[in-house]
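Structure, as structure tokens:
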Amino acid sequence: MPTNNAPDSGGLNSRVEAARYLKMSVRRLDELLRVGAINALRDGRSVKITGRELERYISELPSYEPAVSA
């Protein structure tokens, strides 16, 4: 496993690696996979997520804008 947290854009990441990169639990990642928010590949019995897919998911997240107090 690389020492930096960035996924290999062409490589495959396990669920644990992908969850760690996205800074979320594996359970939350599994939910996103189940509803189709993140696409995965099957490698035998394993689920793999590409680095490109992780970057796509991040780029589509809405930005946070705090409410303005009146």
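FYI, it's all coordinate maths here, none of it is from the lab. Model, not experiment: these values are computed from the prediction.
What list of ³J(HN,Hα) couplings, whole Hz, do you get for region 16-30 from phi and the Karplus terms 6.51, -1.76, 1.60, once you set θ to phi - 60° and write x for glycine and proline?
5, 4, 5, 5, 4, 4, 7, 6, 9, 6, 5, 4, 5, 4, 4
Which residues' amide hydrogens lie under 5 Å from the amide hydrogen of Ile38, considering only partners 5 or more residues apart or on another chain, with H built in the peptide plane?
For Ile38, the qualifying residues are Leu33.
Along region 32-48, what does the Karplus equation 6.51 cos²θ - 1.76 cosθ + 1.60 (θ = phi - 60°) give for ³J(HN,Hα), rounded to whole Hz, x for Gly and Pro?
5, 5, 4, 8, x, 5, 10, 8, 10, 10, 9, 10, x, 8, 8, 9, 10
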